Amino acid sequence: MESVITQIRSLAGDADGAGRAQIRHALRQLLVELETPKDLLMGIFNGHLQIAAVRLGIESGLFRLLSQSEMPFEVAQVAQESSASPHLFECVLRYLASNGLILEADHGKFKANRATHTLASQMAEAFVYHAFDNCGPAIQEFPSFFAETHYQEITSNTNTPFQKAFHTGLTCFAWLAQHPGRFDALQHVMTALESTDWTVGFDRFEKEACAIIQLPQASRRPFLVDVGGGHGHQCVQLIKKYPNLSGWLVLQDLPQAVDQLSQIDGVETMAYDIFQTQVVKGKSCIHAQHNWPTILPSSTNMNLNPQGAKFYYLRRILHDYPDSQGIQILKNLRAAMAHDSQILIDEMVLPETNVPWQATLADLSLMVSMGGKERSKEQWETLAEQSGLHVAEIHTYDNSDNFSVIVMMPRY
């Protein structure tokens, strides 16, 4: 057995991200093959309890405490830190150790392992809070909601298990915005999910980006509009990689998002609702002022000489919405595009078979909370066609997590 484990570790050490994902998948499949029916059922039950125990561990500071030292802690020490019952914490610590989330060093003594350090991080805290507090109640309503709707696909983001769980008629985003602690957890999760640089190997974009001159001219249009771009992380990364794009980028999001942003050098910030007409359209020009460009409509007749942005970029936006609203968002962009404008959709593209569990988890979580979905190549093509667009290219930049840039262009 030791030799098998050593060999697997060696294979994992030499593998890239996709290779390690394959190894984990193979081990997971092997575990399923070895499980008895009792093991399977107990494992399903355990999944329900595990996130609750982790939530308790984060809330009580248990993981942070253990991570502060390489030495083991006695149960009484851990309990004292939270003014907790030693008997309660002994049960919790035993449970966490049996699930590999902490290490039992000796009888009544526990210490941190790799998982503990992860769970002590701010990222993990946000993930667990969002999963347990925001998604958990909606997931609990998942079976009864679909029984009541006779197992029909969700077509509205105001009629999902989320509304049933929280007794609200608001969308998930609107409701969370009224509860800052919960919304903050979601924001941290979205930031933590930032993945590999999507521009690597993306020749279509690279060629256009490198052709942009350093200083904007009044006769030129915006190069890229980051639609729903949040804190502007993508714009900052683009300027860092392509300094010549400073002054050519526009960041759009809802007023409550952009109003709280600090100035981003070389980026125009603009309040915009994706369900309204796209405001960067027609023939536009950029005027640089204190390295802070402003998009102004040209006096040129827009109908005769339309000139929207070169690229409209949407990162993890459309998966939050059912198809009907996704089509509306894309149609608003389609109406603003010039003949050579392109929409870049940075999202997951599900494989046709053997979809990884992480992707199916995201798919169902989006469905129960927002009526959204992750989409396959065929589903992206259908969405494009129904929006007056066509898929010109799919640039896959992260094989392990199936992230790609779907390029859409006007269909005439």
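Within region 350-370, is even one residue within 23 Å of A209 (Cβ to Cβ), surrounded by 18 or more Cβ atoms within 10 Å (Cβ to Cβ) and of a type in the set (A, V, I, L, M)?
no
Of the residues S98, S82, which is surrounded by 15 or more Cβ atoms within 10 Å (Cβ to Cβ), in the same structural domain as N46 (by the TED database), of a type in the set (S, T, N, Q) and free of Cβ contacts under 8 Å to residues at least 24 places away in the same chain?
S82
In region 245-283, what count of residues is obtained for those that are exposed (fewer than 13 other Cβ atoms within 10 Å of the Cβ) and either touching a strand residue (DSSP E or B) at 6+ places or on another chain (Cβ under 7 Å) or not assigned by the TED database to the domain that holds A309 (or both)?
The number of residues fulfilling the criteria is 1.
Quick check on this structure: which one of K331, K373 is over 25 Å from A15 (Cβ atoms) and either part of a helix (DSSP H, G or I) or among the aromatic types (F, W, Y) (or both)?
Criteria check complete, one pass: K331.
Working carefully through the options L11, L62, L34, find the one that is surrounded by fewer than 12 Cβ atoms within 10 Å (Cβ to Cβ) and of a type in the set (A, V, I, L, M, F, W, C).
Step by step, each of L11, L62, L34 is checked, and only L34 is surrounded by fewer than 12 Cβ atoms within 10 Å (Cβ to Cβ) and of a type in the set (A, V, I, L, M, F, W, C).
Among the residues of region 150-177, how many are part of a helix (DSSP H, G or I), in contact (Cβ under 8 Å) with a residue 60 or more places away in the chain and either surrounded by fewer than 18 Cβ atoms within 10 Å (Cβ to Cβ) or of a type in the set (S, T, N, Q) (or both)?
Number of matching residues: 2.
Please pick out the residue among V391, V405 that is over 16 Å from the mean Cα position of the chain (by Cα) and either surrounded by 19 or more Cβ atoms within 10 Å (Cβ to Cβ) or free of Cβ contacts under 8 Å to residues at least 60 places away in the same chain (or both).
V391
Kindly indicate the residue of region 101-123 that is among the hydrophobic types (A, V, I, L, M, F, W, C) and surrounded by fewer than 17 Cβ atoms within 10 Å (Cβ to Cβ) and also nearest to S60 (Cα to Cα) among those meeting that condition.
Filtering first and then ranking leaves M123.
Being without any contact (Cβ under 8 Å) to a residue 40 or more places away in the chain and either in contact with a Lys or Arg (Cβ under 7 Å, 6 or more places away or on another chain) or hydroxyl-bearing (S, T, Y) (or both) is the filter here, so list the residues in region 341-381 that pass it.
Correct list: T353, T360, D363, S376.
Hey, any hits in region 25-42 for a residue that's assigned to a helix (DSSP H, G or I) and in contact with a helix residue (DSSP H, G or I) (Cβ under 7 Å, 6 or more places away or on another chain)?
Scanning region 25-42, I find no residue that is assigned to a helix (DSSP H, G or I) and in contact with a helix residue (DSSP H, G or I) (Cβ under 7 Å, 6 or more places away or on another chain), so the answer is no.
Just wondering, is there one or more residues in region 294-302 that are closer than 18 Å to L245 by Cβ, modelled with pLDDT under 95 and either over 25 Å from the mean Cα position of the chain (by Cα) or in the same structural domain as Q252 (by the TED database) (or both)?
The answer is yes; a qualifying residue exists.
Only one of I264, I239 is free of Cβ contacts under 8 Å to residues at least 60 places away in the same chain and part of a loop (DSSP other than H, G, I, E, B); which?
So the residue among I264, I239 that is free of Cβ contacts under 8 Å to residues at least 60 places away in the same chain and part of a loop (DSSP other than H, G, I, E, B) is I264.
Considering only residues that are assigned to a loop (DSSP other than H, G, I, E, B) and crowded, with 21+ Cβ neighbours inside 10 Å, which ones fall in region 337-349?
If the condition is that a residue be assigned to a loop (DSSP other than H, G, I, E, B) and crowded, with 21+ Cβ neighbours inside 10 Å, then M337, S341 are the ones that fit.
Just one of the numbered conditions (1) assigned by the TED database to the domain that holds A257; (2) of a type outside the set (A, V, I, L, M, F, W, C); (3) not in a loop (DSSP other than H, G, I, E, B) is not true of Q140; which one?
(1)
Looking only at region 206-218, decide whether some residue is surrounded by 13 or more Cβ atoms within 10 Å (Cβ to Cβ), assigned by the TED database to the domain that holds I329, of a type outside the set (D, E) and modelled with pLDDT of 95 or more.
yes
Please go through region 393-412 and pick out each residue that is closer than 16 Å to A359 by Cβ and of a type in the set (F, W, Y).
Y397, F403
For region 50-61, check the following and say yes or no: at least one residue is of a type in the set (S, T, N, Q), outside any loop (DSSP other than H, G, I, E, B) and in contact (Cβ under 8 Å) with a residue 40 or more places away in the chain.
Yes: one or more hits.
Checking Q29 against (1) surrounded by 11 or more Cβ atoms within 10 Å (Cβ to Cβ); (2) of a type outside the set (V, I, T); (3) more than 24 Å from A131 (Cα to Cα); (4) at pLDDT below 95, only one condition comes out false. Which one?
The failed condition is (1).
The values are calculated or read from the model by the stated rules, or taken from the named source; none is laboratory data. Since the structure is predicted, the reported quantities are computational estimates derived from the model, not experimental observations. So basically every Cβ, Gly included, is an ideal-geometry build from the backbone, and we count neighbours across all protein chains shown.
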